[in-house]
Structures are given as C-alpha cells and as structure tokens.
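Report on one structure; see the data block that follows.
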C-alpha cells in the first residue's frame, strides 16, 4: 500500500476496538513504517526510539514486506492516527510538531513528544489533543 493510501485508510481518531479491527483487516508491513516516516518530519533515530527498536532493526522493518509483530502494528497505527489528529487540531504539521516538542505542565514539564514510546503515552497525548479540540488551551 502506498503512503497516501495508508494515511487515507487510518482515521485521526480510533477507539481501541477500531485499532484491533484495523490491524486484523489489513496486512501491516514495512510500508506502514515508511508512511510514518513520510508523514512525520522525524528521523530514523527518533522514530525507532518511539517504536522501541534500535535503528538497524527499524531500518530492516522499513524494507520488509512481511507482516509486523502485533505490538509493533498497534504502535505504528496509533502513532499515525495521533499525528493525523494533531495536524487536524493545529491546522499545520509545523504547529503540531512545535506543540509536541514544547514542555507542557500536563506532561510533568516534558514535551508530549517524550511520551510516544508507549501505548498509554500515545493515549495520554491523544487525550490532551481532544482537550485542546474542545477548548482546553494546553
């Protein structure tokens, strides 16, 4: 699947059930990692850290046509959905990435960026985006 097809198939908001259903209905391969790379402005070092992989393994997965393991599939889908949600809320990728990297009291003085290495961290950042969407100025 090409990057645009992947991005078009992933909603900017997904429930846990929708994520599981998506994973079981699609073949999640290295193309999805490439879509994450192409959609974000982050380099391989940052993205591999988010996915809890060393850089060499991350690059191997990017080139793979094999199905990713279930944990990695979930992480990649959730990151893509989060990035789409953030860009929708902020209007531009530049504004969203600036917010993502800026220390925030809701994140113990760290940037939301620092919490994307875990599923619950992604959920916490996504919940904060929803708050902004509905009037919380964080």
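Read-outs: derived from the displayed coordinates by stated rules, not from any lab. Remember, it's a predicted structure, so these values are computed and weren't measured experimentally. Cβ: placed from backbone, ideal geometry, glycine included. Neighbour counts: every protein chain shown.
A few points about this structure:
- Structure-based [θ]222 nm, the chain - -39500 (n - 2.57) summed over DSSP H runs of at least 4, per residue, nearest 500: -19500 deg cm²/dmol
- Cut-off 20 Å, label 7 Å out along Cα→Cβ of residue 94, residues of region 32-75 by amide N: 38-43
- Over the chain, equivalent-ellipsoid semi-axes from the Cα gyration tensor in Å: 24, 16, 13
- Sorting 113-119, 1-7 by their mean Cβ neighbour count within 10 Å, with the most densely packed peptide first, gives 113-119, 1-7.
- Counted residue by residue at 0.36 nm each, then reduced by the alpha carbon distance between them, the extension gain from residue 106 to residue 70 reaches 10.0 nm.
- What the Cβ-Cβ distance of residue 123 and residue 56 gives, at R0 = 41 Å and to the nearest 0.05, is a FRET efficiency of 0.90.
- Short-range pairs are left out: with C-alpha atoms under 8 Å and at least six residues apart, the relative contact order of the chain is 24 percent.
- Descending semi-axes in whole angstrom, ellipsoid equivalent of region 27-97, from the Cα gyration tensor: 22, 13, 10
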